[in-house]
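Beneath this line is the structure, given in structure tokens, with notes to follow.
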Amino acid sequence: MIRLESVTKEYAQETVAVRDASFEVQKGEFVFLVGPSGSGKSTLLRLMNRQESPERGEVWVAGRNINEMPDSKVPYLRRTLGNVFQDYKLLPNKTVFENVAFALEVIGKPKHLIAQQVPAVLELVGLEDKTDRFPHQLSGGEQQRVSIARAFVNRPLILLADEPTGNLDPSTGEGIMRLLERINQTGTTIVMATHDHRIVNMLRKRVIQLDRGVIVRDQERGVYE
Amino acid sequence: MILGRISYAFREMWASFKRNITLTAAAILTSAVSLLLVGTTFLIQRAFDNLLVQWRGDVEMIVFVRADATESQVDNIESALKDQPTVIDGEKLKYLNQKQSFDEAKKIFAGDPNTLSLLTEETIPSQFKVVPITKDPELVRSLAEQFQTLPGVESVALAEDQFRVIAKLSSFVRTVTIGMSLVLLAVAVGLIWNTIRTAMFARRREIEVMKLVGATNWFIRVPFMLEGLLQGLIGAVVSCGGLWGLNRAWTNGVASFKPGTGISALVVPSGYVSGVMVILIALGAIAGAVGSGIAASRFLDV
């Protein structure tokens, strides 16, 4: 589903964000990218949805080399990917329903489909009774659920999550992880960057560890260390 | 689905239009003023053109031929003119028959319908336009006196000095007004560009989300381009109103001059004014769409 071949990404001249990274993620896998801040976790995620392009190496997503893809095709790549962020990136002037519907609206989905899919995904994330609230009326955990609903509403092949529990207290974070596991069980591949030891050790998924841009460990059913 | 997208684009455009009302007003006013100047340039040029139409292309002498002159008389005049190769440029010698002369008269007497109504295609004199080859005005003047007595000639007119002054003034005014309107038009495009940039900055979070969920650049860009286009269009409509008022005041002012003073030629026919308005509206729309399109593309790299 995702394959990186000797990928190197440099910012400016001095800073190497990712050095010679190679790994492959199978369909339906759940992978943690772990390591301290600045180790290159976010950069790896940004390389996978072509927010960044590598200086060397190739990034393959869903069978295509996305760095050779023309800019005009990038939006269609992104429709097969869902993105979840530490800061949720919700639109403050839109309700829960509108925030999720927005993702379908701007890729030209018809109204009747939006009316069907948005309530379904809001039920999946457990927010069916808060559809008309605004983001500031929700707790952090609820806001993250909205953001996951928005990422998942178009049924992407892959969900990229950057520190989704970073702003949440432990028990709320656990709830988010249960939700992500449920989504993973529907066949969606999940790549999640985190430095939350507890969560990594609790779920026992594949762990790819980074240190200053270099992959130092790639382990099935790993722990954080 | 197409309809949904169109209504989306217009809804977004309108919301953003209202949100930045002060910047929008500035952009609209600037484009209105610059387009008004462009339009005024057109009208001034046209007015001067009317005045100078007889003398266009270095014509210094016009031999008017009587309406009742025979063909052989006309031929005689022509060969007599070509017989002066040291004074007259035979290559540039031009003959306007009665129909062509009447068309020209319509321009000259645009603001003097009384005089125009006395003329018909049958009674108007035809004319030879003479471009001299010599630099000596005295030679041309003495030649004009000679031709005055030729059979079939009604009269001979010489480009008076004041026409030369007007011609110079005309080209000076043209340079200045075209220069000013170009600068102002650039300012208008810049202001529209800036309004759109501000509008996009205000909505950068939305644009970021749109890009991440896979909206195409055109989908994001179109509402902003529509907004710029609307600004340019409103500016153009305002400038058309201004131009109409200006031309009306001018026409009324000219009408109070005595007929036959030549000033009446400075009136611009209303058909021409409408043509200029169409140009202004097209210019406004293009300037708005281009300014906002550049801004939208420039700030879409989130």
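For the range B:66-111: of the residues being acidic (Asp, Glu) and either more than 31 Å from the chain's Cα centre (by Cα) or open to solvent by less than 50 Å² (accessible area, probe 1.4 Å) (or both), which is nearest to B:Val254 (Cα to Cα)?
Step one: filter the range B:66-111 for residues acidic (Asp, Glu), giving B:68, B:71, B:75, B:78, B:83, B:89, B:91, B:103-104.
Restricting the remaining residues to those that are either more than 31 Å from the chain's Cα centre (by Cα) or open to solvent by less than 50 Å² (accessible area, probe 1.4 Å) (or both) gives B:68, B:71, B:75, B:78, B:83, B:89, B:104.
Numbers: B:Asp68: 34, B:Glu71: 40, B:Asp75: 40, B:Glu78: 38, B:Asp83: 43, B:Asp89: 37, B:Glu104: 20 Å.
The selected residue is B:Glu104.
Applying the selection to the range A:14-37, what residues are exposed (fewer than 15 other Cβ atoms within 10 Å of the Cβ) and within 22 Å of A:Lys205 (Cα to Cα)? If you could, list the steps in order and put the result at the bottom.
Keep residues of the range A:14-37 that are exposed (fewer than 15 other Cβ atoms within 10 Å of the Cβ), which gives A:14-15, A:22, A:24, A:26-28, A:36-37.
Matches in the range A:14-37: A:Ser22, A:Glu24, A:Gln26, A:Lys27, A:Gly28, A:Pro36, A:Ser37.
Across the range B:152-194, which residue is farthest from the chain's Cα centre (by Cα) among those that are within 30 Å of B:Ala25 (Cβ to Cβ), surrounded by 15 or more Cβ atoms within 10 Å (Cβ to Cβ) and not aliphatic (A, V, I, L, M)?
Ranking the candidates gives B:Asn194 first.
How about the range A:136-146: which of its residues are open to solvent by 10 Å² or more (accessible area, probe 1.4 Å) and within 13 Å of another protein chain (Cβ to nearest Cβ)? Walk me through it before giving the result.
Filtering the range A:136-146 for residues open to solvent by 10 Å² or more (accessible area, probe 1.4 Å) gives A:136-140, A:142-143, A:145.
The answer is none; no residue qualifies.
Of the residues B:Thr149, B:Thr198, which single one is at pLDDT 85 or above and open to solvent by 20 Å² or more (accessible area, probe 1.4 Å)? Show your work before the answer.
Numbers: B:Thr149 fails: at pLDDT 85 or above.
Only one candidate passes the filter, namely B:Thr198.
Take the conditions of a type outside the set (S, T, N, Q), in a helix (DSSP H, G or I), in contact with an Asp or Glu (Cβ under 7 Å, 6 or more places away or on another chain) and away from every other protein chain (no Cβ under 14 Å) and apply them to B:Phe17. Does it pass? Reasoning before the result, please.
Values: of a type outside the set (S, T, N, Q): yes; in a helix (DSSP H, G or I): yes; in contact with an Asp or Glu (Cβ under 7 Å, 6 or more places away or on another chain): yes; away from every other protein chain (no Cβ under 14 Å): yes.
So B:Phe17 passes the test.
Please list, ordered by residue number, the strands (runs of 3 or more DSSP E) wholly in the range A:9-122 having 3 or more residues that are farther than 26 Å from B:Arg203 by Cβ and more than 14 Å from every other protein chain (Cβ to nearest Cβ).
Values: elements: A:15-25, A:30-34, A:56-61, A:81-85.
In the range A:9-122, A:15-25, A:30-34, A:56-61 are the strands (runs of 3 or more DSSP E) which contain 3 or more residues that are farther than 26 Å from B:Arg203 by Cβ and more than 14 Å from every other protein chain (Cβ to nearest Cβ).
Quick check on the range B:38-85: of everything there that is among the charged types (D, E, K, R) and without any contact (Cβ under 8 Å) to a residue 24 or more places away in the chain, which residue is nearest to B:Glu121 (Cα to Cα)? Don't jump to the end; show me each part of the working.
Residues of the range B:38-85 that are among the charged types (D, E, K, R), as a first pass: B:46, B:49, B:56, B:58, B:60, B:66, B:68, B:71, B:75, B:78, B:82-83.
The next check asks that each one be without any contact (Cβ under 8 Å) to a residue 24 or more places away in the chain; those that pass are B:56, B:68, B:71, B:75, B:82-83.
Values: B:Arg56: 22, B:Asp68: 12, B:Glu71: 17, B:Asp75: 20, B:Lys82: 27, B:Asp83: 29 Å.
Among those residues, the one meeting the criterion is B:Asp68.
Cβ-Cβ distance below 6 Å, separation of 6 or more or different chains: which pairs start in the range A:165-183 with a residue that is farther than 15 Å from A:Glu142 by Cβ and end on one that is open to solvent by 10 Å² or more (accessible area, probe 1.4 Å)?
Pairs found: A:Gly166/A:Gln86.
What's the number of the only condition in (1) in contact (Cβ under 8 Å) with a residue 60 or more places away in the chain; (2) open to solvent by 70 Å² or more (accessible area, probe 1.4 Å); (3) in the same structural domain as B:Ser142 (by TED's automatic domain parsing); (4) farther than 22 Å from B:Lys168 by Cβ that B:Leu29 fails to meet?
Result: B:Leu29 fails condition (3) only.
The values are calculated or read from the model by the stated rules, or taken from the named source; none is laboratory data. Source: prediction; values computed, not measured. With ideal geometry, Cβ positions are generated from the backbone for all residues, glycine too; neighbour counts draw on all protein chains shown. Please note that ligands, DNA and RNA were not included when accessible areas were found on the heavy atoms of the full protein model with its side chains. Shrake-Rupley method; radii C 1.70, N 1.55, O 1.52, S 1.80 Å.
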